[in-house]
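Below you'll find the structure, written out as structure tokens, and then a few comments.
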Amino acid sequence: MIDYELANEAYHQRPELSSSDGKAVDQKSVKHWWANKSIHKDPTPAMIKGTATHEFLFEPDANNIVRGLDDRRTKAWKDMEAEAKAAGKMILKASDYDAAMAMADAVRENVHAADILNADDAMSEFSVFNEDPDTGLQLRCRPDWYSPSQKRLVDLKTTLNASPERGGFEKQFFNLSYPLQCAWYEQVLFNEGLPVNEIIFIGVENEFPYCVQVFRISWDVIAYGRKRMRRALDKIRRAEETGLYLTGWPSEHVINLPEWME
């Protein structure tokens, strides 16, 4: 099922498994995922800033983000915050709002990124729900951008370091299980009859001068992500079948001297 109207907040309240669930299992364990999945956490200012950047770039007419003041301690801020929540909107400090707008502008002004995002049939911020054919688990995803004619999937990442150099964005890409996310989106879209022939990440730094770098994800990385995704989904399925949400850790582990210390 594809839902073009579902709001971002409503999407995140849905019960189907998202790539964030898979990444939680991949990075830690089923026990960590299970213990934290039901805990409601309000979005941090940094998270709202990232959401705002996505909206300003992909849904410029959505108007879900309110530009507040720079001092959250004032009564004026509290009044604006209450009004925003009542309207189902998020509020950002004026400086963070302006930075998010500048990040979106930086992506638009990057010739290569703008060319990639130039498609007449582009679909942005839509929600997809279906069943995983191997495990029977219910899955969901909400792509940033997808072109059916180009079969191209694009994901925007705000980051401290968008550099292609060693230790830059690539390190974050693997540390945060982004290969699994790529495979997850590819699978859920494929289940819905939307094949993916290429996956591109656009990294934009969240501090001035908001540098932008385009990353094309190789198929060996996506294949690696598929293995991580399958392993995570199998762990979730077994846990739900047995009711045992475990770490999967050994009873003990020997710490040896690392090679770099010898």
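A short reminder: the numbers here are calculations on the coordinates, not readings from a lab. All figures in this text were calculated on a predicted structure; none of them were measured in a lab. For neighbour counting, all protein chains shown are included, and Cβ atoms are generated from backbone atoms with ideal geometry for every residue, glycine included.
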Dividing the helical contributions, -39500 (n - 2.57) per DSSP H run of n ≥ 4, by the residues of the chain yields a 222 nm value, nearest 500 deg cm²/dmol, of -13500 deg cm²/dmol
³J(HN,Hα), Karplus 6.51/-1.76/1.60, whole Hz, each residue of the stretch 199-211, x for Gly, Pro
10, 10, 9, 10, x, 10, 6, 8, 10, 3, x, 6, 5
Karplus couplings for the stretch 246-262 from phi (6.51 cos²θ - 1.76 cosθ + 1.60, θ = phi - 60°), rounded to Hz, Gly and Pro as x?
10, 6, x, 7, x, 5, 8, 9, 8, 8, 9, 5, x, 4, 6, 9, 6
Counting sequence-distant residues (5 or more places) and residues on other chains, those with an amide H built under 5 Å from that of SER163 are PHE169
Helix 219-242 vs. the chain, principal-axis angle (Cα, 0 to 90°, nearest 10)
70 degrees
Quick check: the angle from helix 75-86's long axis to the longest principal axis of the chain, C-alpha only, nearest 10 degrees?
60 degrees
Applied in sequence order to the stretch 90-104, the curve 6.51 cos²θ - 1.76 cosθ + 1.60 (Karplus, θ = phi - 60°) yields integer Hz couplings, x standing for Gly and Pro, of 10, 10, 10, 4, 4, 5, 6, 4, 5, 5, 4, 5, 5, 5, 4
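ASN256 to ASN197: extension gain in nm, 0.36 nm per residue of separation minus the Cα-Cα distance?
Value of the extension gain: 16.9 nm.
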Please work out which option in (i) 19.8, 60; (ii) 17.7, 66; (iii) 22.2, 71 gives Rg and Dmax of the Cα atoms in Å calculated from these coordinates, and answer with its label.
(i)
Set of lysines near LYS37 by C-alpha distance (under 28 Å), chain-local residues within fewer than 8 positions excluded
LYS23, LYS28, LYS49, LYS85, LYS89, LYS157, LYS171, LYS227, LYS235
At a Förster distance of 25 Å, what's the computed FRET efficiency of PHE174 paired with LEU246, Cβ-Cβ distance as r, to 0.05?
0.50
Any idea which of SER163, ASN118, TYR210 is furthest toward the positive side of the dipole for the stretch 20-241, if Lys and Arg beta-carbons carry +1 and Asp and Glu beta-carbons -1?
SER163
